[in-house]
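J.: Once you've had a glance at the structure underneath, I'll fire off some questions.
The values are calculated or read from the model by the stated rules, or taken from the named source; none is laboratory data. These numbers were taken from a predicted model, which means no experiment stands behind them. All Cβ positions, glycine included, derive from the backbone under ideal geometry; neighbour counts span all protein chains shown.
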Amino acid sequence: MICNGCTRVKTLEEAAIHIIDCCLSRSKKVHIDYLIDLKNKIIEASNEKGNKNLKEPDFLMVITGANTCMKTDDGIYIVPIDCLKN
């Protein structure tokens, strides 16, 4: 089952890029692959256009309804929504 995710791309003043995807079902793999693909597209766009202001995302996270918090081999944080309170 693929859930409807909402992605938030946040750019800070220091030009840091944070990408967060939300998936409250159990299919984290789809969202991890999506973030990796999005990261690669950003890098590709930066190289094609010579845009030095566009850089690789510093932080990738999938918010889930699961109960396990972890960091994937690709550097993506998997965070249960329950961990985000206060």
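J.: Under 9 Å between Cβ atoms, at least 6 apart or on separate chains: pull out the pairs that start in segment 63-81 with a residue that is within 17 Å of LEU38 (Cα to Cα) and end on any residue that is part of a loop (DSSP other than H, G, I, E, B).
T.: ILE63/LEU24; TYR77/CYS69; ILE78/ALA66; ILE78/THR68; ILE78/CYS69; ILE78/THR72
J.: For segment 14-68, which residues satisfy the criterion of being over 12 Å from the mean Cα position of the chain (by Cα), at pLDDT 80 or above and of a type in the set (Asp, Glu)?
T.: Selection gives GLU44 alone.
J.: OK, next. I need a count of the residues in segment 44-70 that are loosely packed, with under 14 Cβ neighbours inside 10 Å and either more than 18 Å from ILE17 (Cα to Cα) or out of contact with any strand residue (DSSP E or B) (no Cβ under 9 Å at 6 or more places or on another chain) (or both).
T.: Qualifying residue count for the region: 13.
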